[in-house]
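Only the coordinates and a few stated rules stand behind these numbers; no lab work does. Just so we're clear, the structure is a prediction, and the values are computed from it rather than from any experiment. Reconstructed Cβ throughout: ideal geometry from the backbone, glycine too, with neighbour counts over all protein chains shown.
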Amino acid sequence: MSLKLSHLPSRQIIKPVYPRSPSSIDPNNPPWPAYRGYHEYSFAYATMGQRLPTILGKAIEDVVVTLNQEYDEERIVDLVHCIERMEDLMRELQEQAKLRPIIDDGEADVALWNKLIAKYFHGKTFMNAPWLFAEAYKYRRLQECFSVSKYWKNYDVFFRQKCDTFSRSHDAVFELSMRFAEPFKLKDGLSLEEKTEAERLMFIELTQICLWGNSTDLSLLINMTEEQIRSLQSTGGENLAATEKNILGNHMQRLWETVLTLRQNTGGRIDFVLDNAGFELYCDCVYADFLIQSGLAKEIRFHGKRYPWFVSDVTKKDWEWLLNSMVYGHLFPKASEEEKESLRRLGQRWKQYEKEGKWIYEQHPFWCTGFTFWELHNEAPDLFLHLSRSDLVIFKGDLNHRKLTYDCAAPPSTEFEIAIGPMASAAGAPRVCSLRTIKSDVVVGLGPDGDELAEKLDKEEPGWKISGKYAVVLLSEGRPGEKVVFT
Ligand code: F6P
Ligand code: MG
């Protein structure tokens, strides 16, 4: 039977109002519209449709190389099963299968993952779940391919590539080590003001080195030539000055004032939520070294991932590899003796910081979940409490920025504090800084004229949001010192 509804009001166009009210926000309904794999206009589409299958295909090839070098039958059979699981994942990705729960492989994050899937993504596929979640889920499933095995639980399919980013960065690595191997010293005879200004200038340059270190992440630049790497990593002063204009939201001066205040209070605790291994991590450490030497910080906590994540993110193994290969490795056969020595000294100093407890490496399970950082307060209260005791939390890179901002279509003029929600507004929220080269759709914090600027770039430079040419350095004051409350 069909009803003729001629006496009722006609159908209306109902537009949802953004940002959503806090009570109606959840992982499937971010404050502004989510990016999803089927949105052809967004980077989500290219990532879910092409980049992820390519990355997975390359990972399978790499495991096959390992397989061909193995001799023990049990280990071989075990690895063959890992490859089969990877192939299943590839099929699911390509057929846009529904997201199934994670198998209990003993990892500390299984319950968090399965709660998320059951509550918000039941019946959702790789393409219609929000992009951030679907992409993170793929990396969790990749981990599961190995974690349920007997012999390959700790296998890192991306490890070789991560090591390569460092050894292929010869010029930039030594450019920095030759400047920073010796503890830095300010010229004699400077007044207090001149000293502070000299330190400010160093701080600004090193912040940029740390920032632009993020433009060479592996998930995007797998086929880059040496020449392209060199130009992206150019750390000379002139290049930095030229690229400063590409920092579209720039709170660097406020950041300097923040750390300077920390020193006046006998040096603070600064946390780095790390992004990529290899060259980026090296830049992070150069920056952290300066923060310690200058007395701006007295303790640095580095937060890495518990297992391989988004291709190039730092794990404990990557951390140790970097420090140890700087001291003991033979990665740079073409380097001069002076260059090798500079790298060795730098590595020795950093290892010493670790021994003295000035540098601490941590790996909370929350960092490898599909939750955004809007949920950190509720889903990982221990971590929130821990971070609330920091004087400044620096989030590195694109993915961390996506998680801070809920990876949704907020207008570019949205203030950073608003875009990161509870990470700025919850009682006890720490000061948060995002150092991010722009490599995906979400862009906020561009100031009152940000919407026009973004529109102009959309017209004049399509692809500006994924090229890594532009960046943001954004700071939120948070509510430090207030008592953290959980409801
Ligand atoms: O695949 C998407 C993505 O998260 C992009 O946002 C970015 O290109 C890359 O992966 C990771 O970038 P980063 O290492 O800077 O977080
Ligand atoms: Mg990364």
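Of the beta bridges in the chain, as assigned by DSSP with both residues counted there, near 35 percent are antiparallel. Packing-based ranking of 420-426, 51-57 yields 420-426, 51-57, ordered from highest to lowest mean Cβ neighbour count within 10 Å.
In region 233-373, the alpha-carbon atoms span a convex hull of 153 Å³ per residue. For region 19-148, the tally of Lys pairs with Cα-Cα distances below 16 Å comes to 7, considering only residues 8 or more apart or on different chains.
Quick check of the Kirkwood formula: for region 130-223, what is the inverse mean of 1/r over all pairs of different Cα atoms, in Å?
Numbers: mean 1/r = 0.0570 Å⁻¹.
Hydrodynamic radius (Kirkwood, Cα pairs) of region 130-223 is 17.6 Å.
Look at the dipole of region 19-148 built from charges on Cβ: of VAL64, MET90, ASN128, the Cα furthest out on the positive end belongs to ASN128. Under 5 Å from the amide H of ALA429 lie the amide H atoms of ARG479, each residue being 5 or more positions distant or on a separate chain, with H modelled from the backbone and absent for Pro and chain starts. Placing +1 on the Cβ of every Lys and Arg and -1 on the Cβ of every Asp and Glu, with nothing else charged, gives region 19-148 a dipole about its Cα centre of roughly 1000 debye. Within a straight-line Cα-Cα reach of under 16 Å, LYS187 can be paired with the following aspartates and glutamates, leaving aside sequence neighbours fewer than 8 residues apart in one chain: GLU197, GLU199. Modelled this way, with points 7 Å down the Cα-to-C-beta line, the labels at ARG91 and GLU341 are 6.0 nm from one another.
Here the simple spin-label model places points 7 Å from the Cα toward Cβ, and for VAL65 and GLN12 these points are separated by 6.1 nm.
Cross-link partners among lysines for LYS469, C-alpha distance below 23 Å, same-chain residues fewer than 8 apart left out? Result set, ordered by chain and number: LYS162, LYS245, LYS396, LYS403, LYS439, LYS456, LYS459. Taking 7 Å steps out from each Cα toward its Cβ at ALA118 and VAL485 produces label points 3.0 nm apart.
Any idea what the dipole of the chain comes to, in debye rounded to 20, about its Cα centre with Lys/Arg Cβ at +1 and Asp/Glu Cβ at -1? Can you show the working numbers first?
On the way: 60 positive and 71 negative charges, 233 e Å.
Charge dipole, the chain, about its Cα centre: 1120 debye, nearest 20.
Per-residue ellipticity at 222 nm for the chain, helices alone: DSSP H runs ≥ 4 residues times -39500 (n - 2.57), over residue total, nearest 500 deg cm²/dmol?
Details: 20 runs with 228 residues, N = 487.
The per-residue figure over the chain is -14500 deg cm²/dmol.
Please compute the contact order of region 19-148 in relative form: average sequence separation of alpha-carbon pairs under 8 Å and at least six residues apart, divided by the residue count, as a percent. Before the final figure, lay out the partial values.
Working: 118 pairs, mean separation 39.9, N = 130.
Relative contact order here is 31 percent.
Over the Cα atoms of region 19-148, the radius of gyration divided by the Kirkwood radius equals 1.04; this is the Rg/Rh ratio. Pair-distance distribution of the chain: all C-alpha pairs, bin width 10 Å, starting at 0; shares per bin in whole percent are 4, 19, 30, 27, 14, 4, 2, 1, 0, 0.
Restriction of the trypsin sites (Lys or Arg not before Pro) in region 313-379 to DSSP coil positions whose beta-carbon has at most 10 other beta-carbons within 10 angstrom yields LYS334.
Given R₀ = 41 Å, FRET efficiency for SER2-ASN378 by Cβ-Cβ distance, to 0.05? Result of the calculation: an efficiency of 0.30. Taking a straight Cα-Cα cut-off under 14 Å and skipping sequence neighbours fewer than 8 places away in the same chain, the aspartates and glutamates within cross-link reach of LYS316 are ASP156, ASP275, GLU354, GLU362. Under a 5 Å amide H cut-off, with hydrogens placed 1.01 Å from N, ALA97 pairs with PHE126 among residues at least 5 apart or on other chains.
State, as an integer percentage, the relative contact order of the chain based on alpha-carbon contacts under 8 Å between residues 6 or more apart.
So the answer I get is 16 percent.
Full extension of the chain segment joining GLU73 with GLU197 gains 38.3 nm, where the gain is 0.36 nm per residue of separation less the Cα-Cα distance.
For the peptides 286-298, 432-444, what is the packing order when you average, over each peptide's residues, the other Cβ atoms within 10 Å and list the highest mean first? Walk me through the numbers before you get to the answer.
Values: 286-298: 20.5, 432-444: 25.5.
With the highest mean Cβ count within 10 Å placed first, the list reads 432-444, 286-298.
Peptides 182-195, 97-110, 461-474 ranked from most to least packed give 461-474, 97-110, 182-195, packing being the mean of other C-beta atoms within 10 angstrom over each peptide's residues.
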